Amino acid sequence: MPDAGWRLASAHPVFSFANPAIAIGNFPGTLCGIEGDVPAMSVAQRLFETIGARSFPIRTEAKAIDHAAAGSQRT
């Protein structure tokens, strides 16, 4: 809703958060796809990189392919 002043982004870490205590220690270096509008993506990228992610942009229409490919990247 850009006309209302809202921005939208979402992050898709290639990582399992099944055990939060382990996830916190292992998160640095995690690949993290970022999608959304450009201003919000820029903010999300900075936030995730601050906590150690390696972020990259993804297109909304290619999200299913990104998720399928991610399954082979990390267990």
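Some points to look at:
- Scanning the stretch 44-64 for residues that are in contact (Cβ under 8 Å) with a residue 24 or more places away in the chain, surrounded by 14 or more Cβ atoms within 10 Å (Cβ to Cβ) and in a helix (DSSP H, G or I) yields 44, 48, 63.
- Residue list for the stretch 16-43, filter: touching a helix residue (DSSP H, G or I) at 6+ places or on another chain (Cβ under 8 Å) and either of a type in the set (S, T, N, Q) or surrounded by fewer than 17 Cβ atoms within 10 Å (Cβ to Cβ) (or both): 16, 17, 31, 37
- Test: residue in the stretch 18-39 that is assigned to a loop (DSSP other than H, G, I, E, B), in contact with a strand residue (DSSP E or B) (Cβ under 7 Å, 6 or more places away or on another chain) and either without any contact (Cβ under 8 Å) to a residue 12 or more places away in the chain or over 23 Å from residue 61 (Cα atoms) (or both): yes
We did not get these values from a lab; they are worked out from the coordinates using the rules stated. Bear in mind that the values here come from a model prediction, so they are computed numbers and not experimental data. A quick note on method: Cβ atoms are made from the backbone with ideal geometry, for glycine too, and the neighbour counts reach across all protein chains shown.
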